[in-house]
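A.B. asks: Sharing a structure here in structure tokens format.
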Amino acid sequence: MGDIEDPERNRGRGESQSPSALQSLLPSKEFLSSRKGLLLLGEVALSLISFVCFAASTAAAFVTAPLIEFLAALFLLFAYSTKFNERFKGFHWPLMDFLRCVSASIIFFIVSIMSVSKYPDGASKAAGVFGFIATIIFALDFYFIFNELANFLKGGESSEEPPNTQDEDSDSDSD
């Protein structure tokens with residue numbers, strides 16, 4: 001009889017944990033206001049819009065690329081905002097994110113050109129336009145990631161200005 005717990009006690013405990021469990025799944029405001037958070041949010045939104053436009057168009061053969069990119073961007077948005085990436089040190093997360101952004105920008109660019117030039121309906125044209133915008137966002141993201149990776153490989157230098165090694169009073173052309 002000691003195995004059965006009081007249902008009133010469980011209900012009170014479940015209600016107090018429910019908001020914190022839901023809040024742990026939502027991205028933090030600090031991350032969403034950062035540059036990386038805004039880029040990932042833009043990638044998720046544009047991939048979803050492009051997916052919906054492709055699904056409604058005659059170019060439905062291209063629906064897979066925006067769906068895969070939407071899911072990958074949504075996963076990384078979740079991973080970065082909940083600090084899930086800090087638990088798994090075996091992966092080099094910035095490199096994975098860089099490869100995802102490079103492949104997404106190339107795929108979105110090709111698919112957008114095909115949908116705008118080959119299909120006459122409005123949904124295909126809209127999907128192509130949103131695909132071009134997504135291409136720009138993904139390219140911007142991989143540019144920032146590349147700069148961070150290059151700084152990391154140089155020896156961990158920060159992106160701020162390097163310290164001035166010369167004295168202000170010294171002349172550069174004096175012997």
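Nothing in this text is a laboratory measurement; each read-out follows from the coordinates by a stated rule. Everything numeric in this text was worked out from a predicted model, so none of it was measured. No Cβ is skipped: glycine too gets one built from the backbone with ideal geometry, and neighbour counts run over all protein chains shown.
A.B. asks: So, by mean Cβ neighbours within 10 angstrom, what's the order for 144-155, 90-101 with the highest one leading? Walk me through the intermediate numbers first.
C.D. replies: On the way: 144-155: 12.7, 90-101: 15.2.
With the highest mean Cβ count within 10 Å placed first, the list reads 90-101, 144-155.
A.B. asks: So for the range 30-155, what are the equivalent ellipsoid semi-axes in whole Å, largest first, each being the square root of 5 times an eigenvalue of the Cα gyration tensor? Mind dumping the intermediate values first?
C.D. replies: Numbers: eigenvalues 166, 41, 26 Å².
Each semi-axis is √(5λ); the values are 29, 14, 11 Å.
A.B. asks: In nm, to one decimal, how far is the modelled label at F78 from the one at I110, with both set 7 Å along Cα→Cβ?
C.D. replies: Taking the simple label geometry, F78 and I110 are separated by 2.8 nm.
A.B. asks: What is the distance in Å between the Cα centroid of the range 123-144 and that of the range 50-116?
C.D. replies: Centre-to-centre (Cα) distance: 11 Å.
A.B. asks: Then there is this: First check a/c for the range 57-123, with a ≥ b ≥ c the square roots of the eigenvalues of its C-alpha gyration tensor; if it is under 1.5, answer rounded, and if not, answer prolate when a/b is larger than b/c or oblate otherwise.
C.D. replies: On the way: a/c = 4.41, a/b = 2.60, b/c = 1.69.
In terms of gyration-tensor shape, prolate.
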